[in-house]
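The values are calculated or read from the model by the stated rules, or taken from the named source; none is laboratory data. For clarity, every value in this text was computed on a predicted model and none was experimentally measured. Don't worry about glycine lacking a Cβ; one is built from the backbone with ideal geometry, like all the others, and counts go over all protein chains shown.
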Amino acid sequence: GNTTGTGVLSMGGAAGPPAVSTVEEYHKTTNTVTAAAFSSLNSPPNAVYGGGTGGTPTAAFLVGGYGTAPAPSANRAYYQLFDGTNWSEGPDLNTARVYLGAAGTQTAALAFGGRIVSGTTNNNLSEEYDGSSWTEGPNLNTARQFGGAAGTQTAALGTCGTPPGSTSNEEYDGTNWANAPAYPQSYGNQLRTTGTQTAAYSVAGPSYSTITNTYDG
């Protein structure tokens, strides 16, 4: 999950191949003598993989994703909220999709890009959540899925993603998406990005890459 600080959440995923709702939390502090470890937490009500994540370990969200039903009904629009102990369901996205990017907080979330299974391969839609409902906002300049995501609802970063060979990055200021400097590697998927729009950190990529990159805005 795209969370920050010394606490991290791992939410959902696929396990050969059904979607699972497993959630684990990771903690590490300077006072910990033994190695930090994951511990099991309550599961969200709906199992998905390929959803967007954001927030913090005690106020996290999981949006969209792919369910276990056959396509095209496998597209999910769920907005699932975690308070550190329990999960609840919020209002659904306007457009159900999988492999989307997400940023922000539970009450000020941003969801962008992704894929509509058995539909549009790469998606340029962007939606904002104001604490009560989702509203469609400006489209991405480059339709993408599988990309990295970081930042807040009014200062977000979308990194790479498919189509294959993409090095494109985009920044969102709460009003418009604007092209940003290209990523150093061409990564279509499997890239993970965290941090803020002006202090982002991306890890790995296809073919079991060990490359990391930072972005200073």
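Key figures
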item	result
Any hit, the range 188-195, residues being farther than 17 Å from residue 52 by Cβ, over 18 Å from the mean Cα position of the chain (by Cα), of a type outside the set (A, V, I, L, M, F, W, C) and modelled with pLDDT under 90	no
Of the criteria (1) more than 25 Å from residue 8 (Cα to Cα); (2) surrounded by fewer than 18 Cβ atoms within 10 Å (Cβ to Cβ), which one residue 105 fails	(1)
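Yes/no per residue for (1) under 25 Å from residue 56 (Cβ atoms); (2) crowded, with 16+ Cβ neighbours inside 10 Å; (3) in contact with a His (Cβ under 9 Å, 6 or more places away or on another chain):
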| site | (1), (2), (3) |
| --- | --- |
| 147 | yes, yes, no |
| 152 | yes, yes, no |
| 163 | no, no, no |
| 169 | yes, yes, no |
| 175 | no, no, no |
| 196 | yes, yes, no |
| 202 | yes, yes, no |
| 214 | yes, no, no |
